[in-house]
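*Asks:* Provided herewith is a single structure, encoded as structure tokens, for subsequent inquiry.
None of the figures in this text is laboratory data; all of them are computed from the coordinates on show. Please read all numbers here as calculations on a predicted model, not as lab measurements. Cβ: placed from backbone, ideal geometry, glycine included. Neighbour counts: every protein chain shown.
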Amino acid sequence: MDSTWLSADARLIVAAKTVRTLGYGLLSVALGSYLEETGVPPGMAGLILTTALLGSAALTLLMASRADRFGRKRTLELSTLLMVVSGLVFAAAPGPWGLLAAALTGTVSATSGEVGPFETVEQAMLPQIASDRDRNRLFGWYHTLGAIAVATGALAAALPGWAEHTLQTSPLAGYRLVFVLYAVLGLISLVLISRLSEKVEPVQSSQIRPARGFRLHKSRSIVMRLTALFAVDALGGGFVVQSFLVYWFSLRFGLTSVELGPLFFAVNVLKAVSYPLAVWLANRIGLINTMVFTHLPSNLLLIGIALAPGLRLAIVLLLARHLLAQMDVPARSSYVVAMVDADERTAAAGITSVVRPMAQSISPVIAGLVLQWSGFGLPFFLAGGLKIIYDLSLYASFRSHRAPEERQR
């Protein structure tokens, strides 16, 4: 990767995200395995995952809406400190009620994706330290390195099994090791964030002042329409968050954390591969086309996982799905900040980001109850169906609304 076009602040932001998402990948797989191996029933597992998503939404709403006044850098520092606290709470009280308490911090990732206000605030920072020409590329690397870190973290989720067999520890001690490592990664991310300069803070002038809360003016209509559609997508995604997929594969096929770690390492490597491809594609066919034409087939593959008669086909469909499913992520991030004025970026990123964990939080508890009371496949059908509705609606509503650099072609 040629980093000469990256500013020092951009490198620090990308590095902090990479370290942070390494922890997310570690925790999302370990958490799903822990819930299954300790006999937590599906209903309680769904409640824990729902609480994690609700905590994330609440923290995003509280912190990101005040980030431009409180300070973007300070907002990230405080949120990262909460990540450290959640890891220590997990380690000190790893039972179901301890997991619920840690989930309330808003920094527990059940999805392997971002939680809390991190991505919201960083999405506002990045366009400020990059040109329009480099914006897609910067968002592509931001998400690519994050996905590689998630993949590595998923592989490291085999630590409890390794510790049990190599160090002769109890299974609980192995999971405590994972939770402490999560806190350590939070500390490293905190150090990186502390080195950011004043250039990442909002522009101060007589015309543009940091707003109190999420405030929009010219872009209100487009942001609200995008937010509604993103909520549908997230509602569907909540039925198949990564921790739930780990839990489902454990129940359906009897896989252990030692086997699930490499599987979800491969899943997240494919995500990482897809991000540069998404940037290449977006520069040629446009951001909206990239979001829709890659996401739609991935949702058909998602439904196919539920219909797979055996483990081998289920794994093939899972991997194929994740090669396509996340290609909309860098395109979506770039599109949102491209379609609003500079002083609206934090608000636009915040509103479109906070709705995702809020909508997602509804689904896991329903998915858990469905697994407990009915067949295995229904959560996948619900997820795929809602996501297909999102794809078709997004294309119908926004295919004529192009990003600034696309209008010049």
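*Asks:* By how many degrees, between 0 and 90 and to the nearest 10, does the Cα long axis of helix 257-285 differ from the longest principal axis of the chain?
*Replies:* Computed tilt is about 20 degrees.
*Asks:* Compute the long axis of helix 311-325 from its Cα atoms, compare it with the longest principal axis of the Cα atoms of the chain, and write down the angle in degrees, 0 to 90, nearest 10.
*Replies:* Its long axis makes an angle of about 10 degrees.
*Asks:* Can you tell me the dipole magnitude for the range 8-160 around its Cα centre, using point charges on the Cβ only (Lys, Arg +1; Asp, Glu -1), in Debye to the nearest 20?
*Replies:* The calculated dipole for the range 8-160 is roughly 440 debye.
*Asks:* If you place +1 on the Cβ of every Lys and Arg and -1 on the Cβ of every Asp and Glu, how big does the dipole about the Cα centre of the range 168-312 come out, in debye to the nearest 20?
*Replies:* So the dipole magnitude of the range 168-312 works out to roughly 500 debye.
*Asks:* Hey, how many Å between the Cα centroid of the range 215-251 and the Cα centroid of the range 313-333?
*Replies:* 15 Å
*Asks:* Same structure again: Given the peptides 96-106, 359-369, arrange them by the average over their residues of other C-beta atoms within 10 Å, most packed first.
*Replies:* So the peptides 96-106, 359-369, ranked by packing, come out 359-369, 96-106.
*Asks:* Also: Could you state the angle between the C-alpha long axis of helix 345-360 and the longest principal axis of the C-alpha atoms of the chain, as a value from 0 to 90 degrees rounded to the nearest 10?
*Replies:* 20 degrees
*Asks:* Report the Stokes-Einstein translational diffusion coefficient (µm² s⁻¹, integer) for the range 274-372, Rh taken as the Kirkwood radius over Cα pairs, at 4 °C with viscosity 1.567 mPa s. Provide the component values of the computation, followed by the final result.
*Replies:* Details: Rh = 15.5 Å.
Stokes-Einstein gives a translational diffusion coefficient of 84 µm²/s.
*Asks:* Determine, for the chain, the count of lysine pairs separated by eight or more sequence positions (or lying on different chains) whose alpha-carbon distance falls under 22 Å.
*Replies:* Going through the chain pair by pair, I get 5.
*Asks:* Separate question: Just how large is the dipole of the chain about the Cα centre, in debye to the nearest 20, putting +1 at every Lys and Arg Cβ and -1 at every Asp and Glu Cβ?
*Replies:* Value, rounded to 20: 880 debye.
*Asks:* Along the charge dipole of the chain, pointing to its positive end and built from +1/-1 on Cβ of Lys, Arg, Asp and Glu, which listed residue (T80, A314, L159) has its Cα farthest out?
*Replies:* The listed residue farthest towards the positive side: T80.
*Asks:* With Kirkwood's inverse mean 1/r over C-alpha pairs for Rh, give me the Rg to Rh ratio of the chain, two decimals please.
*Replies:* Dividing the radius of gyration by the Kirkwood radius yields 0.95.
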